[in-house]
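The values are calculated or read from the model by the stated rules, or taken from the named source; none is laboratory data. What you are looking at is a predicted structure, and each value in this text was computed from that prediction instead of being measured. Cβ: placed from backbone, ideal geometry, glycine included. Neighbour counts: every protein chain shown. The accessibility values were calculated without ligands, DNA or RNA, using every heavy atom of the protein model including side chains. Shrake-Rupley method; radii C 1.70, N 1.55, O 1.52, S 1.80 Å.
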Amino acid sequence: MKALIDTCIIIDALQSRRPFCVDAEKIFLATASFQCESYITAKEVTDIYYLTHHATHSIETTKDIISKLLSLFNMIDTTAGDITQALVSSMTDYEDAVMTESAIRMSMDCIVTRNLDDYKNAPCPVYSPDEFLKKIDYQDPPMIRFLIILKRTATMYGDGFWFILRTSLLRAVHPLYIFRLSSADMRSCLR
């Protein structure tokens, strides 16, 4: 399923905004494990950059996060046609109308957002993160299942051992590690 992911979902995952980050992180995992094709718009990237820089206060860190985000999500352009079409849209939120026009032009199967009210007049399917995960029949990727089993085994050696082991494995193979999730955030992924 080709899904255009709204900015709020990306920021929920990057900033670990509770309780929204749980489903947002699962969307990242679904994307990384090819359970869906996830897209963001070029216009979104500038918004994500601004919000991420505001949180990190580091240009270098922000650029690194954006670069890694673009290695995970496909990016589509926002065109002059999208901007113009959004002006005559029946949607009341112009920014969301622009995103909807981009989704239609690129033949997306749906848009995923927490702001369902803003998309109520959208001419394409719009799902909440939870609805989307059900629609794609989300399954934890095998690496996550492996880490859960490994954690159960490693607990006999203490949390320090588990932290080192998990960090090494994630750094090597797990796509969410690139966003530097804290131990608590990663534990929520492993529930």
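In the range 45-61 there is no residue matching the filter, namely being of a type outside the set (S, T, N, Q) and in contact with a Phe, Trp or Tyr (Cβ under 8 Å, 6 or more places away or on another chain).
How many of the residues making up the range 11-64 are assigned to a helix (DSSP H, G or I), more than 14 Å from Asp140 (Cβ to Cβ) and not small (Gly, Ala, Ser)?
Keep residues of the range 11-64 that are assigned to a helix (DSSP H, G or I), which gives 11-14, 21-32, 42-56, 59-64.
Remaining after also requiring more than 14 Å from Asp140 (Cβ to Cβ): 11-14, 21, 24, 42-56, 59-64.
Then keep just the ones that are not small (Gly, Ala, Ser); that gives 11-12, 14, 21, 43-54, 56, 59-64.
The qualifying residues number 23.
Evaluating Ser71 against the criteria (1) open to solvent by 80 Å² or more (accessible area, probe 1.4 Å); (2) in contact with a strand residue (DSSP E or B) (Cβ under 7 Å, 6 or more places away or on another chain); (3) not aliphatic (A, V, I, L, M) leaves one unmet condition, (2).
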